[in-house]
Every structure is written in C-alpha cells, then in structure tokens.
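Asks: What follows is a structure written as structure tokens; I'll ask about it next.
The values are calculated or read from the model by the stated rules, or taken from the named source; none is laboratory data. Just so it is clear, the structure is predicted and the values come from calculations on it, not from any experiment. A quick note on method: Cβ atoms are made from the backbone with ideal geometry, for glycine too, and the neighbour counts reach across all protein chains shown. What goes into the accessible areas is simple: the full protein's heavy atoms, side chains included, and nothing from ligands, DNA or RNA. Shrake-Rupley method; radii C 1.70, N 1.55, O 1.52, S 1.80 Å.
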Amino acid sequence: MFRIRFHGRGGQGIKTASRILGSAFFLAGYEVQDAPRYGAERRGAPIFAYVRADRKPIRERGIIRHPDLVVCADDSLLGVAAAGVLQGIRSDSLVLVSSDQPPETWRRRLNISAPLLTLPPPATGEAEQLALAGAECAGAAAALSGAVGAEQLTQAIHQELAGLSPALQARNLELALAAFTRMIPQRS
C-alpha cells in the first residue's frame with residue numbers, strides 16, 4: 001500500500017494535490033482514499049492531506065501515522081512542531097520538500113535519517129507560486145510512487161481542475177509534468 005501525506009498552507013492547493021494524486025492512482029487501477037485535514041479554514045494556516053492507494057481494498061481508516069512519502073509544499077512548516085510534517089516518519093520514509101535549499105542542508109537542520117529530496121519552487125511570482133504548488137507536488141509524488149504514469153497524471157489534472165480557465169489548467173499541467181519528469185530519476 002502507498003501511504004502519502006501532503007503538508008502545506010491553506011491556499012497552496014494541498015487538498016487539490018491529494019485529489020489529483022488520488023484520481024491518478026484510481027485511473028492507474030488502484031483502490032484509493034484521499035482526504036484533507038485542517039483546522040480553521042483560512043489562507044496560510046497549516047493543513048495536510050493524505051492519499052492511500054492499494055491494489056486491494058483499503059481497510060485502514062483515519063490519518064496516516066507512518067507515511068511512505070511526505071511532501072511538504074512550504075519549507076517554513078518544517079520549523080512548526082504543530083504542523084507535524086515529520087511526525088511518524090521512519091528511516092525508510094521519503095521526505096520531499098519544496099525548497100531552494102539543497103537536501104543536505106535540510107537533512108542537517110532536521111537531523112533525520114530518512115531519505116530527503118528537494119524540489120525547487122517554480123520561478124514565478126509569489127502569488128502564482130502559491131496557487132500552483134499543489135499540482136507540482138502531486139506531479140512529484142506521482143513520479144516518486146512509481147505507480148502512476150504521466151498519462152494518468154495528465155487526465156487527473158484535467159478532471160480535478162476542470163473549473164479553472166484553460167490557461168491556468170495548462171500552467172498547472174506544465175508544472176506537474178515538469179516535477180514528474182524531475183523526480184523520475186529519484187525513484188528507489
């Protein structure tokens with residue numbers, strides 16, 4: 001079973017990231033659970049969402065306590081204990097942080113033994129970057145899972161972002177596929 005947890009702030013598209021990844025897994029033939037968790041609904045507040053995917057029926061319920069993959073869209077959350085980004089990680093959990101800092105810097109700062117990768121945020125304006133972080137994180141997670149292809153990711157983005165303008169859909173797809181391609185060599 002795949003157990004993936006996304007962390008970010010309200011307005012970054014973390015809930016959307018879990019829906020995109022969940023849909024992509026479903027399109028790849030998996031049973032899926034995806035759900036967000038957040039307190040007060042407000043822009044900038046820490047939130048997390050999770051995805052479980054398996055070829056068999058999923059009997060686990062509730063939050064993911066020991067994730068296989070943790071995706072953090074906002075590196076400032078790593079210093080916020082209440083955000084729980086590193087909660088429950090094991091030595092074999094993979095941590096992906098959206099950051100300009102290299103992985104070695106984060107590994108040293110966090111003092112963790114788990115494998116850690118970074119995904120530099122797109123070179124866009126801050127407001128656009130926040131709005132597009134979810135699709136990019138979903139693309140990276142899809143590649144790291146090794147179970148979802150670019151075609152399922154593309155179809156899931158079109159389904160989940162159908163209410164957005166064609167230009168915004170295209171930009172989200174572009175960033176998601178770029179993150180997907182960038183993470184393929186990092187699969188274990």
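Asks: Using DSSP, restrict attention to beta bridges with both residues in the chain and report what percent are antiparallel, rounded to the nearest 5. Let's see the in-between values first.
Replies: On the way: 16 of 28 bridges.
Antiparallel: roughly 55 percent of the beta bridges in the chain.
Asks: Cα gyration tensor of region 1-69, axes a ≥ b ≥ c as square roots of the eigenvalues: rounded (a/c below 1.5), prolate (a/b > b/c) or oblate? Intermediate values should be presented prior to the final figure.
Replies: Details: a/c = 2.60, a/b = 1.78, b/c = 1.46.
Prolate, since a/c reaches 1.5 and a/b exceeds b/c.
Asks: Shifting gears a bit: Using only helices, what value at 222 nm comes out for the chain when you add -39,500 (n - 2.57) per DSSP H run of length 4 or more and divide by the total residues, to the nearest 500 deg cm²/dmol?
Replies: Numbers: 5 runs with 71 residues, N = 188.
About -12000 deg cm²/dmol.
Asks: Hey, rough spin-label estimate for residue 107 and residue 168, points 7 angstrom out along Cα→Cβ, what's it come to in nanometres?
Replies: Inter-label distance under the simple model: 3.9 nm.
Asks: Compute the Cα gyration tensor for region 147-188, then decide on rounded, prolate or oblate, letting a ≥ b ≥ c be the square roots of its eigenvalues: rounded whenever a/c is under 1.5, prolate when a/b is larger than b/c in the other cases, and oblate in all that remain.
Replies: On the way: a/c = 3.96, a/b = 1.92, b/c = 2.06.
Note, shape of region 147-188 comes out oblate.
Asks: I need the calculated FRET efficiency for the pair residue 151 and residue 31, taking r as the beta carbon distance and R₀ as 25 Å, to the nearest 0.05. Working shown, then result.
Replies: Numbers: r = 20 Å, r/R0 = 0.79.
E between residue 151 and residue 31, to the nearest 0.05, is 0.80.
Asks: Okay, moving on. The list (i) -0.50, -0.70, -1.07; (ii) -0.38, -0.56, -0.98; (iii) -0.27, -0.41, -0.80 gives values of log10 I(q)/I(0) by the Debye sum over Cα atoms at q = 0.09, 0.11, 0.15 Å⁻¹, and only one came from this structure; which label was calculated from it?
Replies: Working out log10 I(q)/I(0) by the Debye sum over Cα atoms at q = 0.09, 0.11, 0.15 Å⁻¹ from the coordinates points to (iii).
Asks: Where does each of 84-90, 19-25 land if you order them by average Cβ count within 10 Å, highest first? Don't jump to the answer; show the numbers that get you there.
Replies: Values: 84-90: 17.0, 19-25: 27.9.
Ranked by mean Cβ neighbours within 10 Å, highest first: 19-25, 84-90.
Asks: Moving on. Leaving ligands, DNA and RNA out of it, work out the accessible area of residue 56 with a 1.4 Å probe and give it in Å² to the nearest 10.
Replies: 130 Å²
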